[in-house]
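Structure first, then comments.
No lab work stands behind these numbers, since they all come straight from the coordinates. Please read these numbers as outputs of a predicted model, since none were measured by experiment. Cβ placement follows ideal geometry from the backbone for every residue including glycine, while neighbour counts extend to all protein chains displayed.
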Amino acid sequence: MKYRLTVILAAFVALVAPSVVVTHVAALSRAETGFQLPALPYPTAALEPVIDTQTMELHHNKHHRAYVDALNAAVAADPALQGRSLEDLVAAAGTLPTVVRNNAGGHWNHSFFWETMTPASQSGAPSPDLQGAIDRQFGSMEAFRAAFNDAGTKRFGSGWAWLIVDGSGDLAITSTPNQDNPLMDVAEVKGTPLLGNDVWEHAYYLKHQNRRGEYLNAWWQVVDWDTVSQRYAGAAS
């Protein structure tokens with residue numbers, strides 16, 4: 001059985017249309033003891049062979065943990081940041097020190113990423129509403145995947161590829177550098193993320209080496225379309 005993280009809804013009114021909301025894990029809110037590394041919603045081997053166990057262990061327990069630890073250290077050193085939620089830090093990233101922007105983004109992005117995936121046997125398909133929106137915006141699922149993969153492939157260096165609902169309520173594909181995301185005030189294209197893929201080398205290098213396109217193509221097998229469809233329903237309501 002897949003164990004899901006508890007989700008909460010947070011509105012990013014300053015960034016997107018007032019009706020657009022984002023599904024988030026409870027672990028992202030700042031506890032008294034600091035931000036917490038969320039547990040994976042599946043065993044580390046559950047995404048094999050698409051994402052190998054060693055990559056999952058390193059990615060979650062080393063890379064993601066490092067973002068959480070660095071963010072907690074930065075917040076502890078700045079009284080003005082203490083008590084602020086992760087959502088607030090992400091939304092105001094452009095006004096904050098680079099160390100906070102990078103590590104708040106890293107924590108948010110990875111928490112979102114883990115929940116975007118599921119074992120291949122449970123991947124499913126988009127809801128009729130989401131599939132209809134994909135067909136209207138991109139022509140077909142195949143065309144959408146090609147455009148998304150292209151955004152991930154062309155992101156120079158490290159970053160993320162995203163499917164979002166933009167401020168007009170339409171689906172859009174974008175990419176962001178480093179640990180930025182479309183919820184940030186500094187994002188070139190703002191919106192509510194529905195789907196995000198990590199194209200930093202640490203996400204795929206042990207298995208795919210420098211073949212990022214190979215990783216992007218394989219990744220679709222473990223997308224949790226039920227979760228993505230729920231995000232779309234929330235963002236489109």
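Of (i) 18.8, 64; (ii) 16.7, 50; (iii) 19.2, 60, which one was derived for Rg and Dmax of the Cα atoms in Å from the structure shown? From the options (i) 18.8, 64; (ii) 16.7, 50; (iii) 19.2, 60, the structure gives (ii).
One decimal place: the segment Thr53-Ser85 gains 8.4 nm when fully extended, by the rule 0.36 nm per residue minus the C-alpha distance. For the pair Glu214 and Ser140, what calculated FRET efficiency results from E = 1/(1 + (r/R0)^6), where r is the Cβ-Cβ distance and R0 = 25 Å, to the nearest 0.05? After rounding, the FRET efficiency stands at 0.70. Look at the alpha carbon pairs under 8 Å that are at least 6 residues apart: their mean separation over the length of the range 49-236 gives a relative contact order of 27 percent.
Loop sites only, by DSSP: take the chymotrypsin sites (Phe, Trp or Tyr not before Pro) in the chain that have at most 16 other C-beta atoms within 10 Å and name the longest stretch containing none of them. No qualifying site falls inside 4-155, the longest such stretch.
The alpha-carbon of Lys207 sits under 19 angstrom from the alpha-carbons of these aspartates and glutamates, leaving out residues fewer than 8 places away in its chain: Glu48, Asp52, Glu57, Asp198.
The aspartates and glutamates whose alpha-carbon is closer than 16 Å to the alpha-carbon of Lys190, local same-chain residues fewer than 8 away aside, are Glu87, Asp88, Asp166, Asp170, Asp180. Rounded to the nearest 20, the Cβ-based charge dipole of the chain about its Cα centre (Lys and Arg +1, Asp and Glu -1) stands at 180 debye.
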